[in-house]
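Sharing a structure here in structure tokens format.
The values are calculated or read from the model by the stated rules, or taken from the named source; none is laboratory data. For clarity, every value in this text was computed on a predicted model and none was experimentally measured. Ideal geometry is used to build each Cβ from the backbone, glycine not excepted, and the neighbour counts take in all protein chains shown. These area figures cover heavy atoms from the full protein model, side chains too; ligands, DNA and RNA do not enter into them. Shrake-Rupley method; radii C 1.70, N 1.55, O 1.52, S 1.80 Å.
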Amino acid sequence: MKKSADKDADQSQRRASLAQARSRETKHALLQAAIALWRTKGFADTTVADICQAAGVSKALFYFYFSRKEDALLEAGLLSTRDARNKWRELVAGPYELPDVIVQVLAVLERTMRRNPPELLIHTTLEGYRAEQRALAERRPHEHHATRFLFLGLLQRAQADGKLPAGLDVLHLARVAQTLLETGTRHWAAGEYGELGFTEVVGHDINAFIAGYSRTRETAPAPVRRSGS
């Protein structure tokens, strides 16, 4: 009796795992279809119906995964940073200097961005801002930190490795770095950097901020304790 119950439980678990795998594949197919259409047709002119037709799924299935087309754009944006995130994890496995890692991560990201039209890059960064504002308005500001802020994990690791001051607010650091990254993306996509590369400009800005902020925190006077506090 027990063997039969164990077998049923095992089969049930396998079916659940298979369903999850199929679900991930379907979602991935939707995102790949959307990205291909956005690159050729543009984000504004691509409808949910277009994406579903290209992916070979129903609109109901699209809305099972995403509430809006913009949510699919945000998820696609996370996919576009996957290689960059993997790069910093690879680099910190051995001896490293934080500024060099940041530049190499941005170089990987730039190669990914060059495969997309400027309009799509601008739409993605603006939608990221809107998503953050919605999270703040709904009082869930910490929900997307790990995925939204590209450098948060790296900065946390660097602090643990003693490459940033122990008392430094790395979440604030990651938030400002993300702002510099997204602002730089929009300016670069609009052609405002001329012959300068994205990695060159944004890498300099982020590293300069981190260095300056770290020095400021290291030399800041200790807070004055009031009597009775």
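Could you please report the charge total around residue 70, scoring K, R as +1 and D, E as -1 over all other residues with beta-carbon less than 9 angstrom from its beta-carbon?
Working: positive: 68, 69, 130; negative: 71, 127.
Net charge in that neighbourhood comes out at +1.
Additional query: Just to confirm a number: summing +1 for Lys and Arg and -1 for Asp and Glu over residues other than residue 33 whose beta-carbon lies under 14 angstrom from that of residue 33, what do you get?
Details: positive: 27, 39, 41, 59, 69; negative: 25, 50, 75.
That works out to +2.
So what's the net charge close to residue 85: Lys and Arg +1, Asp and Glu -1, counting the other residues with Cβ under 13 Å from its Cβ?
Net of charged neighbours comes to +3.
Would you mind getting me the FRET efficiency between residue 208 and residue 79? Use the beta-carbon distance for r and R0 = 25 Å, nearest 0.05. Display every interim value, and only then the final one.
On the way: r = 29 Å, r/R0 = 1.17.
Working from the Cβ atoms, E equals 0.30.
What are the equivalent ellipsoid semi-axes of the range 80-130, built from the alpha-carbon gyration tensor (square roots of five times its eigenvalues), in whole angstrom, biggest first? Could you put the intermediate results ahead of the total?
On the way: eigenvalues 126, 24, 15 Å².
Each semi-axis is the square root of five times an eigenvalue, giving 25, 11, 9 Å.
Okay, moving on. With a 1.4 Å probe and every protein chain left in place, tell me how much accessible area residue 216 has, in Å² to the nearest 10.
The accessible area comes out at roughly 80 Å².
Follow-up question, since we're still on this one. Report the gain in length on full extension from residue 192 to residue 59: 0.36 nm times residue separation, minus Cα-Cα distance, nm rounded to one decimal.
Extending this stretch completely gives an extra 44.0 nm.
Continuing with this model, one more query. Take every Cα-Cα distance within the range 112-212, group them into 5 Å bins from 0 onward, and report for each bin the whole-number percent of pairs it holds.
That works out to 2, 12, 20, 22, 19, 15, 8, 2, 0, in percent per bin.
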